[in-house]
1. Contour minus end-to-end for A86 and I136, with contour as 0.36 nm per residue of separation and end-to-end as the Cα-Cα distance?
2. Taking only the alpha-carbon atoms of the chain, what semi-axes of the equivalent ellipsoid follow from 5 times the gyration tensor eigenvalues under a square root, in whole Å, largest first?
3. May I ask you to order 188-201, 86-99 by the average number of other C-beta atoms within 10 Å around their residues, highest value first?
4. For the chain, which DSSP H helices look membrane-span-like by this rule: Cα extent along the axis of 30 Å or more and mean Kyte-Doolittle of at least -0.5?
5. How far is it, in nm, from the label point at R194 to the one at D19 when both lie 7 Å from their Cα along the line to the Cβ?
6. State, as an integer percentage, the relative contact order of the chain based on alpha-carbon contacts under 8 Å between residues 6 or more apart.
7. Taking the simple approach of a point 7 Å from Cα along Cα-to-Cβ for both T57 and L185, what is their distance in nm?
8. How do L8, L147 rank when sorted from fewest to most other Cβ atoms within 10 Å of their own Cβ?
Amino acid sequence: MSDWLFDLGNSRFKAAPWDGGAPGPVQAWPHGEDLHRAPVPRGRRAWVASVASPAMTAAVLERLHANFEEVHIARTLPGCAGVRVAYPQPQRFGVDRFLALLAAHQAGGDVLLAGVGTALTIDLLDAGGRHHGGRIAPSPTLMREVLHARAAQLPARGGDYVEFADDTEDALASGCDGAAVALGLRSLDQARQRLGREPALLLHGGGAEALLPLLPQARLQPSLVIEGLAIWAREAAVR
């Protein structure tokens, strides 16, 4: 493959080969690993989306510039591939959320997107491509980490979801996962009222699978940002 897609999030670095159609298999590395040892490929063009820190982004771009003839960085646009962003200042809308909208719109229909990574992001997109805005909150993982940082006796991981827990680890898992689920269900109800019809609920991101049992009406599409980046790249190639 001469082209690759790269998604640099707040927690993971993901990559997929791209031949101009659907992205190939996605590879992922946590930020905790030495990215200088990650098997970054070589090729003609790299297409990059980043919401990571400026320092992390600069380090990854340095590697990509060494391995590729061209490096293209995705930016949020007011409109692209039939999607119209709700933000009056589109540059303030995260590129990961923007790319997820592009991919969701390709599938058609009204969609409520819930991205579960470091943050929990929720966005409503109608079948006509109009973005109605969204929400940002801490993800369950981040809630646990923050609680542990402020109160070390509260473990950052572990426990199972139960409705009324009888130990601390289960209570933490139930509270943090439950908060994300409650926000998703509240947003789904408000989306239904706004549109006058029920949108599909689409989960994506590294933490999405853990919430799926609590949201049986949802559909899992973990690599939505990479899929949207492929759409952005196709549009950019003809602009």
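1. 16.5 nm
2. 30, 24, 14
3. Top of the packing list down: 86-99, 188-201.
4. 168-195
5. Placing both labels 7 Å along Cα→Cβ, they lie 3.9 nm apart.
6. 19
7. With each label point 7 Å from Cα toward Cβ, the separation is 3.7 nm.
8. Least to most surrounded, the residues fall as L147, L8.
Bear in mind these aren't lab numbers, they're just calculated from the coordinates by the rules spelled out. Keep in mind that this is a model prediction, so the values were computed, not measured. Methodologically, a virtual Cβ is constructed for each residue, glycine included, from the backbone with ideal geometry; neighbour enumeration extends over all protein chains shown.
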